Amino acid sequence: MKNYPAEPFRIKVVEMMKTMSKEERQIAMEEAGFNTFLLKSEDVYIDLLTDSGTTAMSDRQWAGMMIGDEAYAGSRNFLHLDATVKEYYGFKHMVPTHQGRGAENLLSRLKIKSGDIIPGNMYFTTTRYHQEANGGIFKDVIIDEAHDPQAIHPFKGNVDIRKLQRLIDEFGAERIPYVCLAVTVNLAGGQPVSMQNIHEVSELCHKHGIEVFFDATRCVENAYFIKKREEGYKHVSIKDILLEMMSYGDGATMSGKKDCMVNIGGFLAMNDEELFARSKELVVVFEGMPSYGGMAGRDMEAMAIGIKESVDYAYISHRVEQVAYLGDQLIAAGVPVVQPIGGHAVFLDARKFLSHLTQDQLPAQALAAHLYIESGVRSMERGIVSAGRNKETKEHHRPKLELVRLTIPRRVYTYAHMDLVADAVISLYQNREKITGLQFVYEPPMLRFFNARFKLL
Ligand code: PM9
């Protein structure tokens, strides 16, 4: 049996969890329209909806909250955050935003013209929304293996360089303002991108005058995989790997709610002076002054401290290996999951899990709903419901991956909790034929997965 690192922290504050009967959970799920986003948090036993903003902050971060400087402009916490982002990410400039999509909004507005092509290594919901809202067309250039849950590849988030080259040949570099390079790739299963691939993407793009913007949301988890899996990085620190990764790009959008270890916040970083000047003009319209951008002083302080803690090897190795611990138990029991196990979550392959349902019967949404009813574990659909509809044809996007994400919050749950989740999923798998599909009863026009409602077929 593999050894997993023990928690590298002691627990100082605890939050009690509520348990409910299956009948009570059945009622709660019906009231939530079979959408796990619409459950009350207090009705959830183990909450694996997301790792976004759910991190347990450290004593140092909480201490930092007490020295929040809430001045409207020029807060000392901004200066700390600004210096920390420059030191750890290596970009020349940054503007804070209230969270990741705030940065995506700014970047998309500043860079995209109607009809532009935005290549990326698989779509992400909010990222693609902002690209399309500004007239851009997203094109997926991830390697084919990423769309196959069973394909084993150490860097399944890599860009297929030939696909990218083909797009440049077909549309011309002038229609491609930037490539959006996600590290790791959330919807592929939290899969990493190798340093070599980042370097190759950067070289190809820069040769054609195309910029590279990272979606750096889970970049520290990506750096850990590079250290573990890529030749030449075994003895390089996570901090240095991260700096090298970012050095190949022109900027980044960041949801601080993930790898910056805070409950709220984000930033847009860049090297270009003119883009920085324009970002400062736009941030005041949508977020706030360039020296707070939608964040309180205390939150900027917590984020600066979180960024430093995130590159600590003891933290990041426990974080990623805890996710693997859950995934390995499911693999051993024959439950179909995306492999290899990614950095932030274990993804159940709902197509295989519920092979008696068609994609139109929304298997991943149904599986997430039933997992909650059976066990009180909350998860998230990442399949046809999340993918939404084509803007032009109004048809459903039909992703090959129909997944349920069991997302592990940072520093929140123990290995015993992971055992409980594994038992719940395995027991559901053994009784899978009883699970019925769902259909929409309310479908919002955009980012529908957040507020949609369903009924049992
Ligand atoms: N990700 C997640 O649960 C939270 C909201 S979507 C259901 O995975 C990437 C790769 C993300 C991401 C958020 C954002 C947006 C951008 N890129 O949520 O606006 O995973 O901070 O970040 C979520 P914000």
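Coordinate-derived values only; no laboratory data. Just so we're clear, the structure is a prediction, and the values are computed from it rather than from any experiment. Cβ atoms come from the backbone with ideal geometry, glycine included; neighbour counts cover every protein chain shown.
Some points to look at:
- In segment 220-377, inverting the average of 1/r over every pair of distinct C-alpha atoms gives 18.8 Å as the Kirkwood radius.
- Extension gain for the segment V285 to R432, taken as residue separation times 0.36 nm less the Cα-Cα distance, is 47.9 nm to one decimal.
- Largest to smallest principal axis extent of the C-alpha atoms in segment 60-167, angstrom: 49, 37, 23
- Angstrom value of the Kirkwood radius, inverse mean 1/r, which spans all Cα pairs in segment 121-207: 13.4 Å
- Ratio of Rg to Rh over segment 295-405 (Cα coordinates, Kirkwood Rh, two decimals): 1.09
- Fraction of beta bridges assigned by DSSP in the chain that are antiparallel (%, nearest 5): 65 percent
- Pairs from K234/K257; K111/K258; K86/K239; K391/K455 whose Cα-Cα separation, in the structure shown, is over 19 Å: K234/K257; K111/K258; K391/K455
- Distance from the Cα centroid of segment 386-402 to that of segment 73-112 is 32 Å (rounded to whole angstrom).
- Qualifying trypsin sites (Lys or Arg not before Pro) for segment 360-457 [loop in DSSP, other Cβ within 10 Å: at most 16]: K391, K394, K400
- Those lysines that a straight Cα-Cα span of less than 20 Å connects to K18, excepting residues fewer than 8 apart in one chain: K40
- Over the Cα atoms of segment 221-280, the radius of gyration divided by the Kirkwood radius equals 1.06; this is the Rg/Rh ratio.
- Computed on the Cα atoms alone, the convex hull of segment 347-400 gives a volume of 79 cubic angstrom per residue.
- Loop-located trypsin sites (Lys or Arg not before Pro) in segment 198-295, at most 15 other Cβ atoms within 10 Å (DSSP): K234
- Of the chymotrypsin sites (Phe, Trp or Tyr not before Pro) in segment 388-430, not one is in a loop by DSSP (not H, G, I, E or B) with at most 12 other beta carbons within 10 Å.
- Histogrammed with a bin width of 5 Å, the alpha carbon distances of segment 258-319 distribute as 4, 17, 21, 19, 18, 12, 6, 4, 0 percent, first bin at zero.
- For I46, the residues 5 or more places off, or on other chains, whose built amide H falls under 5 Å of its own are V377, R378.
- Here's the list of aspartates and glutamates a cross-link from K113 could span, going by alpha-carbon distance under 12 Å and ignoring same-chain residues fewer than 8 apart: E132, E174.
- Largest first, the three principal axis extents of the alpha carbons in the chain are 59, 54, 44 Å in whole numbers.
- Electrostatic dipole magnitude of the chain [Cβ: Lys, Arg +1; Asp, Glu -1; Cα centre; debye, to 20]: 360 debye
- Charge dipole (Cα centre; +1 on Lys/Arg Cβ, -1 on Asp/Glu Cβ; no other charges) of segment 9-167 amounts to roughly 720 debye.
- Here the Kirkwood formula puts the hydrodynamic radius of segment 373-437 at 14.2 Å, using every distinct Cα pair.
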